[in-house]
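The structure appears below as structure tokens.
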């Protein structure tokens, strides 16, 4: 069985467009992934402990309060 919350968390970490969409409209992204009410509440509340538990990875979840942005040009200054 696929864990939809874990799938979303991984996707948010690798897909800058999805992360931007989530930042602008989290409800739409959460609905599209078919999460339970408990999973949605954990994500919207930024509850890392609950997210880890609901992903099935327990205390091994590490997160930051930032978003990685993708750049098209390798010469862009950071």
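Residue-wise test of (1) modelled with pLDDT of 90 or more; (2) surrounded by 12 or more Cβ atoms within 10 Å (Cβ to Cβ); (3) in contact with a strand residue (DSSP E or B) (Cβ under 8 Å, 6 or more places away or on another chain); (4) not in a loop (DSSP other than H, G, I, E, B).
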| residue | (1), (2), (3), (4) |
| --- | --- |
| 1 | no, no, no, no |
| 9 | yes, yes, no, yes |
| 20 | yes, yes, no, yes |
| 35 | yes, yes, no, no |
| 74 | no, no, no, no |
| 78 | no, no, no, no |
Qualifying positions in the range 22-31 - surrounded by fewer than 16 Cβ atoms within 10 Å (Cβ to Cβ) and in contact with a helix residue (DSSP H, G or I) (Cβ under 9 Å, 6 or more places away or on another chain): 26, 27, 28, 31
Set 16, 24: member being modelled with pLDDT of 85 or more and farther than 24 Å from residue 2 by Cβ: 24
Selection count where residues are assigned to a helix (DSSP H, G or I), free of Cβ contacts under 8 Å to residues at least 12 places away in the same chain and surrounded by 12 or more Cβ atoms within 10 Å (Cβ to Cβ), scope the range 41-60: 3
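The values are calculated or read from the model by the stated rules, or taken from the named source; none is laboratory data. Computed from a predicted model, the values in this text were never measured in an experiment. Cβ coordinates were reconstructed from backbone atoms using ideal geometry, including for glycine residues, and neighbour counts include every protein chain displayed.
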